[in-house]
Amino acid sequence: MTPDQNSVITIQRSIKRILQVFIGGLVISGVTAFPIEWELGIAYAWIQSCSCENTLTRWIELAYTGIRETNLQYPFISYGTDWLAFAHLVIAIVFIGPLRDPFKNIWVIEFGLIACAAIFPLAFIAGSVRDIPLYWRLLDCSFGLIGGCLLWICYMKIKQLEKLSALKK
């Protein structure tokens, strides 16, 4: 195996690992959006048992109470969260394209980079309108930052592969 072939294989494996982590994150985000009341109930029970009170625990209590009461009175509202979960799972499926063929599906990586960047204005504009605490909006933005960094590394590695394959020709 030549050094170039070795480099290509190493880069391809790296792209696959990065995309697997990214896809895994989308799947986890999607799957955990379905049982949100149950998850918040666990967090709420935990903060009740530890008797700790701070801004985060008050936010968890408020979020849990809001979700629980909304689900009791208007369960159809949570249908929106179900669609959010579904969207995460569908987007994860789309990223199988670049997992299989990074060159042909680089547009998916570009789409993902745009989506990750779009998290920031959404979090700050909608979060402000919806009275979401700043620290929670920053947490939401961290998903865009981490996802964007992963996809940027992936994008650069695909471009590196393109250069290596152009050298072969």
Report task. Hey, can you tell me all the residues within the stretch 1-55 that are of a type in the set (D, E, K, R), without any contact (Cβ under 8 Å) to a residue 12 or more places away in the chain and in a helix (DSSP H, G or I)? Result -> Arg13, Arg17, Glu39
Query raised in the report: How many of the residues making up the stretch 35-49 are modelled with pLDDT of 95 or more and aromatic (Phe, Trp, Tyr)?
Result: 1
Query raised in the report: Where in the stretch 56-169 are there helices (runs of 4 or more DSSP H), lying fully within it, with 2 or more residues that are closer than 21 Å to Trp38 by Cβ?
Result: 79-94, 134-168
Query raised in the report: Scanning for something more than 26 Å from Ile119 (Cβ to Cβ) and surrounded by fewer than 13 Cβ atoms within 10 Å (Cβ to Cβ), does the stretch 11-22 turn up at least one residue?
Result: yes
Requested in this report: Please verify whether the stretch 154-166 includes one or more residues that are of a type outside the set (Lys, Arg), in contact with an Asp or Glu (Cβ under 8 Å, 6 or more places away or on another chain) and loosely packed, with under 15 Cβ neighbours inside 10 Å.
Outcome: yes
Report summary line: Residue count, the stretch 56-84, condition under 18 Å from Pro133 (Cα atoms) and either in contact (Cβ under 8 Å) with a residue 24 or more places away in the chain or exposed (fewer than 11 other Cβ atoms within 10 Å of the Cβ) (or both), comes to 4
Query raised in the report: Which number in (1) under 21 Å from the mean Cα position of the chain (by Cα); (2) on the phi > 0 side of the Ramachandran plot marks the one condition that Gly30 misses?
Result: (2)
Report task. Filter the stretch 85-108 for residues that are in contact (Cβ under 8 Å) with a residue 12 or more places away in the chain and surrounded by fewer than 14 Cβ atoms within 10 Å (Cβ to Cβ) and give the result. Result -> Phe86, Ile96, Phe103
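The values are calculated or read from the model by the stated rules, or taken from the named source; none is laboratory data. Just so it is clear, the model here is predicted, and its values are computed rather than measured. All Cβ positions, glycine included, derive from the backbone under ideal geometry; neighbour counts span all protein chains shown.
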